[in-house]
Amino acid sequence: MRSNFSHLLWALVRLRYRLLWAQARTSSGRIAILLMVYLLVMLVFLFFSLGGFGAAMVGVKLGRGEAIARGVLTSLFVWGIMISVVFGVGPRAAFSDVVLRRYPLTAIGRLTARHLIGLLDPVWFLLVASAIGLAIGFAVLGAGSVFVGLPAALLFIAVSYLATVLLLSLIDRTMQSGTGATVLSAVAFGLLSFSGLAISWLLDPRHVAWLQAVDRVLRFTPPGVAATLLAGSMTAAGAVSAVLLIGWCAALLAALGALERRPPASPSATSAATGWDSFYDRLAGLFGQSYAPLVGKALRYYLRCNRVRFGLVTAPIFAFLGRMMGHGDPKENFLMTLALFSFVGFAGTTAIALNQFGYDGAGIRRYAILPAPFAATLRASSFTALLIGGLMIAPTVVLWALVSGVTVEPRMIVMLLSSGVAGLFFFNALGLWTTVLSPKSVDFRSVLGNQLSVGGNIVIIGGFALVFAAAFTLIRRASFETVLAYWWVLPLLAVLCFGFYALMLQSAGKAAEARREPLIETIAGAGAH
Amino acid sequence: MNKSSAPESTDQLISTRNEEGSHGISAPIAISIEHLTKTYGNLTAVDDLSLSIPTGRLFGFLGPNGAGKSTTIGCLTGLLDPSAGRITLLGEPLTLEAAALKRRIGIMPEGLALFDQLYAHEFLAFNARMFGLDERTTRQRVEELLEVMGLTTSRHKRLGDFSTGMRKKVAFAAAIIHRPEILFLDEPFESIDPAGVAMLKDWLRRFVAGGRTVFMTTHVLETVERLCDDVAIIKAGRLAWRGEVGMLAEGGAIEFGGQRFGTLEALFLHLVGEQRGQLDWL
């Protein structure tokens, strides 16, 4: 029986890797390969420098082995969580408890299989390599014991995994509830807005007492207790740390078990927008008889998508980020804000605007059989993104005016509004093309991981690089007064971006008509014929 | 008794039908397919297919898996672009710009093509509005369809949470909501409960009795025998047989290639070949 279980487990792990490989072979998976190569290089770098011998050597030489180990392990711990949220690592839907019930596995067997598959995800190898490298490094240099360090490193990996899975599970369940997006947005907003400020405040020499207090607290966290074990032998303090690490593991396991025993709320059971003259249809009516039904459908998809909701609620964060990035200098503050504002109208809707058919699944076929050009659906969805994104710009400008800390003058307001409008049209124009040329079928209910297609990622990364390059150039080469004197450039840029959008609307529409069949096949799946 | 044979060429089939007035019924042609070919790379899914179907007929389009049925429906409904050939519906050529023509046809495509994040009434209203129905008619028909389809209790569920049978009912409702002149149905009865199937069959009979046309694919041959007037069987994208099947329900037989077939299943297996295989371990 045990042999059967191990065979089945092995088969599931192989299936997980086959699925990964299958995804990697798709066009959108190629970016994943690039990232994996990057991660591999980073792994080697970490193993030989920060994570392994290097960190251990530095720590031992400086006589601060434990502190450095704590720093490295804390970074790994946070990095593991962050990369899991971004890439959606951890137990997958394809290996959920419900799916695994089709196999002859007991409840314990399913639990083991799920988490073993999650733990064997390639991304965790980086953590494993770094933590083990650190343990071996300390042991070789005589500052630690391999018999204590290695089990501690493995236990640390297990705790990191459990903490990540618990957090992902919490995020997933919170997002499924009606107010989840708002709650999480508030948390993300707070973390993004104030963590940077808090860290810089702590690093100020005047607040060293606070820093020491935080350091004392960190000693009791999983990375802290693991660092004590890695950089020391089994002393009394080591024994306490071992008990604490095992305690963390047990507590996280218990919390995860308790969470998983609670059935998730059904999102549709709590939604009841069944009125006829709904908000969606009234708003869609603005686009005329022929577009109204398509815009109405698109509006429902945009505003029911948790990723979009999250994006919309967090978009006002751009009002604060410029101040954080401006280092207290009004010119830098304003120019960074100006750059960031080009994303205000687009940031919230990116999940759909860059891949407009991606969430339709088999529904994309309906566009081809409707008595309307296929391109009309592309235009309608793009108009919807413009409408929703456009509504974000003015309130964020007002918010910025309230919190910016600089003397606000009308030219600044015009510039910020224009930056928002220019970005709105420019990025939505690019979104038309990524929709047509780089489509990707994505899960509407998934809230974790980077679901953008290759083209979508290029637009986001390239877009940020472009606007920040412009902002940094202005910061270095132009005075604040000069920037303000040329305020009219931005409204002009907005008009140009509108023209660019109008042109793209036509050309991408034609391309969508021409690529209708491959688009349908990509989104609805092979077998569309 | 119906005597029919495999056409030597699809051209011959068309000319014969036109001369005979489509099995003796002098009705205008609702669906005309001329030399339809659809290829995917090296694969020819539909190979020089020609058919003409008069109005007021319930037409069954049969074939084994992968024979090209859904591809043919895809081409007939504008979902797919034919690689070659010509399609005429209700006397008008089907093109990408044929929006007015598309308003006259109803489609229940393969995979159903539902928007999973909409509620059933939203989805039906969306279709009704796209097909040009005014708000009052839309509201009235949506309520009525949800009521008769037994979907009113599921108003608060999104389509993604519907069972397969319920999804089929919604797709069927979307196909008929604008009262089309031709109805294309890709496997309409599978997964629907028996009462629902009986109701749909009754609707289809009344639909064609009103002078409209149904083009339907299914694997349930008994249903085709009892429901359809005409049947075509395709194999590997080519027309293998075309004829009437109404006599089977009255105890008649189809004569083909010097043999008599008392059921459509017997003819189907004769044409496409029986699948045989021994699983000794089973």
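The values are calculated or read from the model by the stated rules, or taken from the named source; none is laboratory data. All figures in this text were calculated on a predicted structure; none of them were measured in a lab. Note: ideal-geometry Cβ built from the backbone for every residue, glycine included; neighbour counts use all protein chains shown. For accessibility, only protein heavy atoms count, side chains too; no ligands or nucleic acids. Shrake-Rupley method; radii C 1.70, N 1.55, O 1.52, S 1.80 Å.
Things to note:
- Listed by first and then second residue, the pairs linking a residue in segment B:60-73 that is closer than 13 Å to B:Leu185 by Cβ to a residue that is polar (S, T, N, Q), with Cβ atoms under 6 Å apart and 6 or more places separating them unless they lie on different chains, are B:Phe61/B:Thr217; B:Lys69/B:Thr217.
- Check on A:Phe147, over 30 Å from A:Arg18 (Cβ atoms) and assigned to a helix (DSSP H, G or I): yes
- For beta carbons closer than 9 Å, sequence separation of 6+ or different chains, a first residue in segment A:270-292 that is over 11 Å from A:Leu387 (Cβ atoms) and facing chain B (nearest Cβ under 8 Å) and a second that is modelled with pLDDT under 85 and open to solvent by 40 Å² or more (accessible area, probe 1.4 Å), the qualifying pairs are A:Ser271/A:Gly178; A:Ser271/B:His156; A:Ala272/B:Arg155; A:Ala272/B:His156; A:Ala273/A:Phe279; A:Thr274/B:Arg155; A:Thr274/B:His156.
- In the set A:Leu141, A:Leu134, only one residue is over 21 Å from A:Arg18 (Cα atoms) and at pLDDT 80 or above; that residue is A:Leu134.
- Count of residues meeting criterion [out of contact with any strand residue (DSSP E or B) (no Cβ under 9 Å at 6 or more places or on another chain) and farther than 19 Å from B:Leu58 by Cβ] in segment B:241-268: 4
- Any hit, segment B:165-182, residues being surrounded by fewer than 15 Cβ atoms within 10 Å (Cβ to Cβ), of a type in the set (Val, Ile, Thr), out of contact with any helix residue (DSSP H, G or I) (no Cβ under 6 Å at 6 or more places or on another chain) and within 30 Å of B:Phe268 (Cα to Cα): no
- Evaluated against (1) more than 12 Å from chain B (Cβ to nearest Cβ); (2) outside any helix (DSSP H, G or I); (3) within 23 Å of B:Arg155 (Cβ to Cβ), A:Gln356 falls short on exactly one condition, (3).
- Residues within segment A:309-343 that are in contact with a Gly (Cβ under 6 Å, 6 or more places away or on another chain) and either within 14 Å of chain B (Cβ to nearest Cβ) or surrounded by fewer than 20 Cβ atoms within 10 Å (Cβ to Cβ) (or both), tallied: 2
- Qualifying residue in segment A:365-373 (condition: open to solvent by less than 10 Å² (accessible area, probe 1.4 Å), away from chain B (no Cβ under 14 Å), assigned to a helix (DSSP H, G or I) and modelled with pLDDT of 90 or more): no
- Matching helices (runs of 4 or more DSSP H) fully within segment A:460-529 where at least 2 residues are within 14 Å of chain B (Cβ to nearest Cβ) and open to solvent by less than 80 Å² (accessible area, probe 1.4 Å): A:489-514, A:516-524
- Number of the exception - B:Arg206 against (1) surrounded by 17 or more Cβ atoms within 10 Å (Cβ to Cβ); (2) part of a helix (DSSP H, G or I): (1)
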